Structures are given as structure tokens and as C-alpha cells.
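The values are calculated or read from the model by the stated rules, or taken from the named source; none is laboratory data. Not measured: the values here are computed from a predicted model. As a convention, Cβ positions derive from the backbone with ideal geometry for all residues, glycine included, and neighbour counts pool all protein chains shown. Note: accessible area is taken over every heavy atom of the protein model, side chains too, but ligands, DNA and RNA are not part of it. Shrake-Rupley method; radii C 1.70, N 1.55, O 1.52, S 1.80 Å.
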Amino acid sequence: MPKGDRMGMERGSMGLLAAVLLAALLPGIAARGAQALWPDEPSHTCSFQSLSGKDSEFCRGNLEVIYPELGDVGCTYIPSCHQSRWRISREWGSPRVRYPRANKSKKYVLMLVDPDAPSRANPRSRFWRHWLLTDVPGAELRMGELRGRVLTEYARPTPPPRSGYHRYQLRLYEQPEGGRIRLGPEERISAGSWSLESFVERFQLGSPVASTQFLTKHHED
Ligand SMILES: *[C@@H]1O[C@H](CO)[C@@H](O)[C@H](O)[C@H]1NC(C)=O
């Protein structure tokens, strides 16, 4: 092979390498949870926006909330692309929740609540209880596969039309030993207007050991 051609080929493969690296890096920065693949859409059309200010301060203790097709959505806005907002409201089941620092010999209480029901501007039904698990072994949290005891079945986030962004907050508490945690009769009737504070106080859960949230709004807004 003439020398000139080989040089040309090397330059070509260097350029190719650079392009591959760039392609690998750019969506990696834009989209957390890059393991998700959408063969029908180029990945550069979908980018995650992180929460900021007060909304980001809620995220403490590296609690991960993982919808398999999106990755860890903790402390982000659910992106509007790939119909993610529609799918989180209509299609996807409960997320994996992972807390790598969980103590294997402890049990935990996990809740998912919407403090912005029916809207952040007028949250007269705060808190809306979307998921409530007790007796979650530390080992399950370390794996991100939660079973525990279900007090409230997972209900998908379904922010109403034109109600703006809702926060979906995950709060994880260490569960005190002994004493069964249960919802009262009135709490069982309605998921809305839940007095989270009195529940926490009644069972002496204290402060969350970790918390995170994601924001989303109605898929057509
Ligand atoms: C885990 O919990 C047990 C029982 O409460 C305690 O004795 C132990 O020190 C904890 N381990 C860590 C690493 O915190």
C-alpha cells in the first residue's frame, strides 16, 4: 500500500475515532440513564434538565429512583421527548428505588407523595399519597428491588392538564423496631389530603434518612 494512502487512512480513522468519542460523550452528558435506547429517535433530541434552587435541596442522601427506560430520574424534570411524560403517567410500573447506604439489619419506610395536588399554586389536597411501603429490608434497598409491606399500592404520577409541574417526592425513613405501622380508616379511604406529618409523628419515624424528587407535568402541556 502506498505510504500516502496509509497516512490518509490513519487520518480517516482518527477522525472516525473522534466522531465516535464525541457521539458517545455528548448524549452521555445530556441524558442521564444513557442505557435506555430508542432506536427510532436520535438520542440528541432528549435531554434531562436537573432541578435547581430549593427543588434540588430536597435531594439528599443519594436516593436513586429508576424507571428502567429513563434511568435515575432523581432531581430532574421528566423530559417531554420519547413520550416519557405520557408513559410515566400511563404505562410504566413502579420505579426501582435504590439506597446504597441502607443498613442490612434495618427496616425502612418509603413513601412517594405529591405535595402539589391539585397544583403547586393551590395545593389544597396536599399530600397525595402515591406509594407507601413499610418493613422494607435494607438489603432490598441496596439492590433497588423493593417488596416490603404495601400499605398503598403504587399509583402513577398523573398531573392534571394545565396544573403545571408537580413534584413527586420520595422520602425514606428508618423504621423503629417493634410496633406495626398501619394507616387509619380515614387514611385508607382517600389518598388525597394526607397528613404526612401526623403519620410520621404517630409512628415516630423522625426525619427522612434520604429523599429525592422528580418533576413532571401533564403530557400535553
Ligand atoms: C446497622 O444496624 C445495626 C442494628 O441497628 C447496628 O447495630 C449497626 O451498627 C448498623 N450498621 C451501620 C454500618 O450503621
Leaving out ligands, DNA and RNA, and with a 1.4 Å probe, what % of the accessible surface on the stretch 122-221 is carbon or sulfur? 47
Given R₀ = 35 Å, what would the calculated FRET efficiency be for residue 183 paired with residue 122, taking r from the Cβ atoms and rounding to 0.05? 0.85
Starting from the 7 Å offset along Cα-to-Cβ, what nm value, one decimal, do you get for the label separation of residue 190 and residue 54? 2.5
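I need the trypsin sites (Lys or Arg not before Pro) found in the stretch 161-191, filtered to DSSP loop residues with at most 10 other beta carbons within 10 Å of theirs.
Values: sites: 162, 167, 171, 180, 182, 188; in loops: 162, 180, 182.
For trypsin sites (Lys or Arg not before Pro) across the stretch 161-191 that sit outside H, G, I, E and B with at most 10 neighbouring Cβ atoms in 10 Å, the list reads 162, 180.
Can you give me the relative contact order of the stretch 46-216 as a percent, contacts being Cα pairs under 8 Å and 6 or more apart? Display every interim value, and only then the final one.
Values: 369 pairs, mean separation 47.1, N = 171.
Worked out over the stretch 46-216, it gives 28 percent.
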In square angstrom, what is the accessible area per residue of the stretch 46-216 with a 1.4 angstrom probe? 48
